[in-house]
Each structure stands twice: as C-alpha cells, then as structure tokens.
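The values are calculated or read from the model by the stated rules, or taken from the named source; none is laboratory data. Nothing here was measured: the structure is a model prediction, and the numbers come from that model. Cβ sites come from the backbone with ideal geometry, for glycine too, and all protein chains shown count toward neighbours. SASA here: full protein model, heavy atoms, side chains in, ligands and nucleic acids out. Shrake-Rupley method; radii C 1.70, N 1.55, O 1.52, S 1.80 Å.
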There are 2 protein chains.
Amino acid sequence: MDDQRVGRDVGVDLAAVARLLADGTRAAFCLALLDGRAWTAGELARYAGVTQSTATSHLNLLVGGGLLADERHGRHRYLRIADRRVFELLEVLAELAPRQPVRPRSLTVATRQQALLDARLCYDHLAGAVALEIKDAMVERGLLVWDTGQPAAAALTDRGAAWFADVGIVLPASRRPPVRACLDWTERRTHLAGVVGGALCGHALAADWVTRVGTTRALRVTPLGRQALHDHLGLPIVSSATRGR
Amino acid sequence: MDDQRVGRDVGVDLAAVARLLADGTRAAFCLALLDGRAWTAGELARYAGVTQSTATSHLNLLVGGGLLADERHGRHRYLRIADRRVFELLEVLAELAPRQPVRPRSLTVATRQQALLDARLCYDHLAGAVALEIKDAMVERGLLVWDTGQPAAAALTDRGAAWFADVGIVLPASRRPPVRACLDWTERRTHLAGVVGGALCGHALAADWVTRVGTTRALRVTPLGRQALHDHLGLPIVSSATRGR
DNA sequence: ATGTCGCTTCGACCGCTGTCAAAGCATCCC
DNA sequence: GGGATGCTTTGACAGCGGTCGAAGCGACAT
C-alpha cells in the first residue's frame, strides 16, 4: 500500500471535458450554439473573431469530444450542440461563471447586448426579460404552477391547457418533460422550458410575435407580438423590460 | 456593423470556470472532495501524486475561483467543496466524461477500485451498487416513490416516514429537498440523495452499518450492516453486488 | 530551545496549445 | 471552363501554465 496515487485512476476523466470548454474561443462557440440552431463553421469563426483555420481546429476538438455534432452540406459544415446533456452542462457552468463587468466598446454592441437581455432564444425556447414576464403572467392567471423547489414541481394546469388550445398552439406529444424550469444566466431566474416552452416559442416565431435579430440568438418583440401578449396574457403594451431606460 | 466579434463580450466567462477543472490534478482534487469531507492540502497532494508546492498553487486557484473553500486550523489547511452548485457541476461533468478503459496497475489498486464501485460516499449520501439496492428495495416496499421523469417526482411515502421512525432515524427539518435523485457516474443510474439520503447515510455510519476504507471515500458494508439491511429492507445477506465475482 | 511537520514562496524549466498566413482542396455559380 | 466561396492542412511562432526542488515560515511537540 505504498502507492497512494489513486487519484487519477478512478476512471472518470473530468479534465478532458473541462479542457474542451477551457478556451475562450471554444466557449464562445458553445455559447453561440446555445440557441439550438445549427451554425456554419464560418459564422462561428466570425462570431468569435478568429480565422477559419483556427475555428476548424477548435471545432474538430469539440466534435471529437462529443460536445458538438456536425453535418456536411455541400461546402458548408453545420455545427450544433450534440446532446441534451451538453445544454445542461453549459447551463450549470454559466451559473457558476463570473460575470465580467460589461463594458461595451460601441453603441451598436451595447444595443445588441441589451437585445440579448430583453429577449433571446435559449435552446428551443424563449429567454430573457420577456420570457420572465410571460411566465409570471401565466402563473398569475392560473395557467401554470411554478414551484421551483427541489424536486421542482412545475406543470400546466387545465386552464393552461385550454389557454394553449385557445391561442391555437398545438402541444406535441413527447417523452420530454412538458414543463421544465430553465435557469437564465443573465437574470438568475427560471423561465419556461420543456415541450410547452418550445411550442410557445415556435408559435411566437411562426406568428411573427418575435423576429430574429440578424444571425444572433437575440430576438425582437414585434408590435404584433406586443399586442398578442397583451390580449392573451394581459402584458402591458410597453414592456416593463424596455420601460424607463 | 463591421465588428462581428461579439462572441466574447456577452458577459459570461464560461472558460474561466472550465479552465479550473481542465487540469488532471485539480480535477482529481475535486473528485476526491466529492465525498463531502474536508481534506488537508497534504492529503490531496498525496492522493493526486504531486508535491506540496504544486498542490498549493492548484488549491489557490480552486479557492480563488470559488470552487473550493478553505479553513486554516493550526498548521493545517482544510479544503472542501464550496457550494452545492459545484457538486452539481461535477456531477454533470462526470456524466459526460469519457470512461477510461480501467487498467489497474496492481491488485491492491484493483481491490480499492472495486470497493469504490460497491459502496462509497457521494457528497453526504450513499452511492455505488449498495445504494442502488437500498433504493430499489425501498421502492419495492412502498417506502419511496421514484419517478425520475423530468421534472422528477421522487418522494417519501407515509409508510416510508414510518419506516424511518421505526429504524430510529430522525429526519431533520430543512429547506433542502427531502428526496433527490442523484446520478451515479459508475452505474449511470440514480440513487437516493437529499435530506432523506443524507440522514440514512449518517445513520449507517453512526450505527456501523458501513465503515470508511482508509481516507478514501470508499465504504465497506459491515456484517452488522448486512444484517440490518436484511432485517429492515429484505436485502440478501450476500450482496448481489459482490455475488458471483 | 530545538527539532519536526505542514504549508507557502521563488525560480527555473519544459512542453503543450492557441494563433495566424499561406497553400490546398472541394463545391457551387456563371 | 473559370472564378468565387467555404473549409482544411501545414508549418512556424509565441506564450501560458504545470512541474519540481530548495529555501522560508509558522505551528506544534518534546
């Protein structure tokens, strides 16, 4: 029993996964892909501000490590997050990550960041201030139970199911959890995810309640969307997220 | 809009946290501390097979980064995991981590690894094959509901509460979730955590159902413990985890 | 007082890894 | 065919980060 050096041999190589996210560029890629879409290699390279060759080697590592999945279409290489568990990892990680004192360099960057805070995609559902308003309104109207204790007991009520039918949103049958609480890394509060959150988001995009801002995962709530959220959930026409700024 | 380089400025520095776990030695430290105890710096150094000076610098990083907390007592420095969220991070990370083809160098190492698989501490509760047997038995006897869908609905039944009282285990009042499903990285199945899991484990240690193996987080089930688990839960005297090996 | 033990600091070394430019290869468009 | 466009490969370079030994500093024991 002279060899106390058991630490490395337990058979789980945590560091291997962590190393993949330990680089700023690779982390930026993953953060970008959090919107659940597939980005091309070039888009990611430009997004993170590196050359294509650099991006290629990073993407090879991420795909090789199982964090990302890729798909070739013609001369394009599409990247997306490989797995549900990777989303979870990124969420937990983001929760522990230090917030840098945000010091935007230019006005357009500032605006873009503000947009991210107001409304954006998080995987397949809505996040940001608007998402929180929606969730709160649904709870207040008795459409949703939202007890985020552990284990979290969040669910759609009967009135909630009726509301979805009323608005014209079909809730697909799925093995995935219908209602999930997803933690927001900017607001540090939970918002609506799961099948219900996904369906709501899909409808919001399809019905032009929200539109994408460029190729980022930021969203803009359209006047049409404001009106709809007012009609269906009683949200103010001028969002409290934009008010007084 | 010429500067597309927004990727780094979103304000969450994922890479900073990941970098802390991206080193084999630091990861080994964290894995060791997963047993929830406080280790001294020297113990950790020996465990990971590095010199004290190396350990010091790593520990400074981990404490500085908020993953570990330290406490000085005389000439000793005690380290423990800082935060509940860090445990979660390590769990998610371990789930995604590659399993190295375990090729133990010596017989004693092999035995020690096997012990880890059979029974060990995971934070404040039991893990390993024995923990799974216990959980299954409790479910079978109607002491526990165990629906690990999402959101997970696991809870103690009335009969379960009575069982704890009967065995003489006091369930402390706490804001923590009473019953939690914790994922096991060796078995890839969930076992009993939360306040109930912690209380059960505390009793098992106090009543000598299990004993620590050296300074590791491995546990050995005593004959007394085997008998108790048989009497209270109907487990076989010869564990199925040890049987036929 | 003197020695031991546990941890920290310092300095030096080395290797790994992220970066880019340039050239190469495949695909698509005209 | 010819010329973009998107991605990959290669090679060279720089810097960061992990490692150790040796010396230093407290705390504790005798």
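Scoring A:Pro172 on the criteria (1) more than 14 Å from the chain's Cα centre (by Cα); (2) at pLDDT below 85; (3) closer than 25 Å to A:Pro236 by Cβ; (4) away from chain B (no Cβ under 14 Å) leaves a single failure, condition (3).
Scan the stretch B:36-49 residue by residue and report those that are farther than 20 Å from B:Leu121 by Cβ, within 11 Å of DNA strand D (Cβ to nearest atom) and touching a Lys or Arg at 6+ places or on another chain (Cβ under 9 Å). Spell out the reasoning first.
Just the residues of the stretch B:36-49 that are farther than 20 Å from B:Leu121 by Cβ, to begin with: B:41-42, B:45, B:49.
Then keep just the ones that are within 11 Å of DNA strand D (Cβ to nearest atom); that gives B:45, B:49.
B:Gly49, the sole residue that qualifies.
Which is touching a Leu at 6+ places or on another chain (Cβ under 8 Å), of a type in the set (Lys, Arg) and modelled with pLDDT under 80, of A:Arg141, A:Arg120, A:Arg105? So the residue among A:Arg141, A:Arg120, A:Arg105 that is touching a Leu at 6+ places or on another chain (Cβ under 8 Å), of a type in the set (Lys, Arg) and modelled with pLDDT under 80 is A:Arg120.
Scan the stretch B:61-82 for residues that are assigned to a helix (DSSP H, G or I) and open to solvent by 80 Å² or more (accessible area, probe 1.4 Å) and the total you get is 1.
With the condition being within 24 Å of B:Arg212 (Cβ to Cβ), I'd like the helices (runs of 4 or more DSSP H) fully within the stretch B:9-57 carrying at least 1 qualifying residues.
Values: elements: B:14-21, B:24-33, B:41-48.
In the stretch B:9-57, the matching helices (runs of 4 or more DSSP H) lie at B:24-33, B:41-48.
Only one of the numbered conditions (1) within 16 Å of DNA strand D (Cβ to nearest atom); (2) at pLDDT 85 or above; (3) under 25 Å from B:Leu67 (Cα atoms); (4) of a type in the set (Gly, Ala, Ser) is violated by A:Ala94, and that is (1).
Screening B:Gly198 with (1) surrounded by fewer than 19 Cβ atoms within 10 Å (Cβ to Cβ); (2) at pLDDT 85 or above gives one miss only, at (1). Among the residues of the stretch A:201-220, those identified as modelled with pLDDT of 85 or more and aliphatic (A, V, I, L, M) are A:Ala204, A:Leu205, A:Ala206, A:Ala207, A:Val210.
Filter the stretch A:29-54 for residues that are more than 14 Å from DNA strand C (Cβ to nearest atom), touching a Ser or Thr at 6+ places or on another chain (Cβ under 9 Å) and open to solvent by less than 20 Å² (accessible area, probe 1.4 Å); which is nearest to the other protein chains (Cβ to nearest Cβ)? Residue satisfying both the conditions and the ranking: A:Ala32.
Those residues that are within 13 Å of chain B (Cβ to nearest Cβ) and either touching a helix residue (DSSP H, G or I) at 6+ places or on another chain (Cβ under 6 Å) or within 12 Å of DNA strand D (Cβ to nearest atom) (or both), I need them from the stretch A:55-84; list them, please. A:Ala55, A:His58, A:Leu61, A:Leu62, A:Gly64, A:Gly65, A:Leu67, A:Leu68, A:Ile81, listed by residue number.
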